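Trainee: Quick one: the structure is below, and I'll ask about it shortly.
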Amino acid sequence: MAYRDRPITCPRCKVDLRRHEVTALIGLSAATLQRLCARGEFPAPRKLSERSVAWDRAAESRAAYDARLLDAMRALQPDLVLLLGWMHLLDGAFVEAFSGKTINLHPAYLPLDQRRDRVRFSDGEESAAFRGAHAIRDAIAARASWFGATAHEVDGEADRGRILVRKPVQLPADADIETATTRLRPVEQKVVAGAIMRWIYER
């Protein structure tokens, strides 16, 4: 689903963010998104334009869907594309079309050097980077003491684009996926907000 918003003025920096059109690709149904907004777990937009770009794998090829998704995004003409809970790997044509304009939110504390597969935390602990579609599950399975959230630019390699903002979060020993996700949600919001601000400053 495509979710459009014009961020409001930043109270700290006094930058008017409404000059930028932000479109988010969200791996959620409209009803789920509305519930998250109502509970304050997802920022409610000033303007919401829903557009479903669903993929019926039995009726449409991957290449055809990727082309249709790219056409839909080009029609929206966003300044910035956010991937929030978006589990579909974007093809090369999409990445090229929105190069430097696409940010992914990943539920792990990724290393600043994205060539590395392990990351070190402030207390000296080191763990796997937990890339991929099941980062939270993998962190729990590894009995990691930390996980986190990272916003990074999207390039041709999954979860290896340039880091914009990252924040670590302690992972309780008895956490399950539901409690870990709930613990991570407010941190993800801050990470996304920080990534948008950095993207604007670097333009």
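The values are calculated or read from the model by the stated rules, or taken from the named source; none is laboratory data. Since the model is a prediction, treat every value here as computed from it, not as a measurement. When we count neighbours, we look across all protein chains shown, and the Cβ atoms used for this are built from the backbone with ideal geometry, even at glycine.
Trainee: Please verify whether ILE163 is over 15 Å from ALA24 (Cβ atoms), among the β-branched types (Val, Ile, Thr) and surrounded by 15 or more Cβ atoms within 10 Å (Cβ to Cβ), treating the condition exactly as stated.
Mentor: The answer is yes for ILE163.
Trainee: Further question: Report, by residue number, each residue of the range 62-96 that is on the phi > 0 side of the Ramachandran plot and over 16 Å from the mean Cα position of the chain (by Cα).
Mentor: GLN77
Trainee: Additional query: For the range 67-88, how many residues meet the condition of being within 25 Å of VAL187 (Cβ to Cβ), among the aliphatic types (A, V, I, L, M) and surrounded by 13 or more Cβ atoms within 10 Å (Cβ to Cβ)?
Mentor: Qualifying residue count for the region: 5.
Trainee: Quick one: is GLY100 surrounded by fewer than 18 Cβ atoms within 10 Å (Cβ to Cβ), out of contact with any Gly (no Cβ under 8 Å at 6 or more places or on another chain) and touching a residue at least 40 places away in the same chain (Cβ under 8 Å)?
Mentor: Details: surrounded by fewer than 18 Cβ atoms within 10 Å (Cβ to Cβ): yes; out of contact with any Gly (no Cβ under 8 Å at 6 or more places or on another chain): yes; touching a residue at least 40 places away in the same chain (Cβ under 8 Å): yes.
For GLY100, the condition - surrounded by fewer than 18 Cβ atoms within 10 Å (Cβ to Cβ), out of contact with any Gly (no Cβ under 8 Å at 6 or more places or on another chain) and touching a residue at least 40 places away in the same chain (Cβ under 8 Å) - is met.
Trainee: Another question about this same structure. Any idea which of (1) in contact with an Asp or Glu (Cβ under 7 Å, 6 or more places away or on another chain); (2) in contact (Cβ under 8 Å) with a residue 60 or more places away in the chain; (3) surrounded by fewer than 19 Cβ atoms within 10 Å (Cβ to Cβ) is the one LEU105 doesn't satisfy?
Mentor: (3)
Trainee: Within the range 60-77, is there a residue that is of a type in the set (Asp, Glu), at pLDDT 90 or above and under 25 Å from ARG183 (Cβ atoms)? Outline the logic, then answer.
Mentor: Keep residues of the range 60-77 that are of a type in the set (Asp, Glu), which gives 60, 66, 71.
This time we only want the ones that are at pLDDT 90 or above, so: 60, 66, 71.
Now drop any that are not under 25 Å from ARG183 (Cβ atoms), which leaves none.
For the range 60-77, residues of a type in the set (Asp, Glu), at pLDDT 90 or above and under 25 Å from ARG183 (Cβ atoms): absent.
Trainee: Let me ask something else. Among the strands (runs of 3 or more DSSP E) confined wholly to the range 102-203, which include 1 or more residues that are on the phi > 0 side of the Ramachandran plot?
Mentor: Values: elements: 102-106, 118-120, 126-128, 146-153, 163-170.
Result: 146-153.
Trainee: Can I ask one more? Please indicate, with yes or no, whether at least one residue in the range 110-122 is under 23 Å from LEU25 (Cβ atoms), touching a residue at least 40 places away in the same chain (Cβ under 8 Å) and of a type outside the set (Asp, Glu).
Mentor: Yes, that holds for at least one residue.
Trainee: Here's something else I'd like to know. Mind checking whether some residue in the range 127-146 is buried (at least 18 other Cβ atoms within 10 Å of the Cβ), of a type in the set (Gly, Ala, Ser), at pLDDT below 95 and under 30 Å from ARG74 (Cβ atoms)?
Mentor: no
Trainee: So, one more: Please verify whether ALA173 is over 22 Å from LEU90 (Cβ atoms) and out of contact with any strand residue (DSSP E or B) (no Cβ under 9 Å at 6 or more places or on another chain), treating the condition exactly as stated.
Mentor: Here the answer is yes, as ALA173 does meet what is asked.
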